[in-house]
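Here the structure is laid out as structure tokens; the discussion comes afterwards.
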Ligand code: HEC
């Protein structure tokens, strides 16, 4: 048997042995993650709201959260500076100077909850309770005139909020949401 044929035969034999034993070849680094350790990372909320936690809050409650934990970077009314503007800009998207905010641009209210919960406040992410996250999301939605200050946001009501720019987005692979 030539060296080349021998090498090929050995590779085939090795592959067959691996397949037969069901063993998966890995670099043998790390250890399997437990479901408990995974939970804090399993945060994504899609447009349908699946995965939203228990809890609730309205803009009235969210106003104080916003003043205490957000206004330093986003302005007392969410008008922005030094960080992103969160309020206003509706009707400007097709103009020469579009103002993209949660209110004018974002298609889904659930994205607001998702983003605030995972990333804000910038200096202390993932410190808000679920009630605070619902309330401060409600505050931003109400400041944009999308809901009323007394409207209570929770896992049922938040996904039903219709964002003004929602119709200009579409889901390319709807099957993947399931
Ligand atoms: C220390 C400053 C700081 C604080 C405090 C802060 N943010 Fe932010 N925020 C930022 C920065 C910077 C960005 C832009 C982040 C990026 O684009 O990745 C941002 C982005 C956002 C956005 C996305 C805006 C957009 O249109 O892309 C939202 C919504 C938001 N913040 C909400 C909040 C809320 C609610 C709070 C309070 C609970 C908060 N932020 C507190 C600095 C801050």
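The values are calculated or read from the model by the stated rules, or taken from the named source; none is laboratory data. Worth saying up front: this structure is predicted, and the values here are computed from it rather than measured. For neighbour counting, all protein chains shown are included, and Cβ atoms are generated from backbone atoms with ideal geometry for every residue, glycine included.
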Residues (in contact with a helix residue (DSSP H, G or I) (Cβ under 7 Å, 6 or more places away or on another chain), in a helix (DSSP H, G or I), under 16 Å from residue 65 (Cβ atoms) and more than 7 Å from the ligand (Cβ to nearest atom)) located in the range 105-133: 113, 117, 132, 133
Flag if residue 93 is in contact (Cβ under 8 Å) with a residue 60 or more places away in the chain and surrounded by 14 or more Cβ atoms within 10 Å (Cβ to Cβ): yes
Options 156, 100, 69: the member that is within 11 Å of the ligand (Cβ to nearest atom), more than 21 Å from residue 40 (Cα to Cα), modelled with pLDDT of 95 or more and loosely packed, with under 15 Cβ neighbours inside 10 Å: 100
Given (1) near the ligand (Cβ under 9 Å from one of its atoms); (2) over 16 Å from the mean Cα position of the chain (by Cα); (3) surrounded by fewer than 18 Cβ atoms within 10 Å (Cβ to Cβ), index of the condition residue 145 fails: (1)
Lone unmet requirement of (1) under 18 Å from residue 158 (Cβ atoms); (2) buried (at least 17 other Cβ atoms within 10 Å of the Cβ); (3) more than 10 Å from the ligand (Cβ to nearest atom) for residue 62: (3)
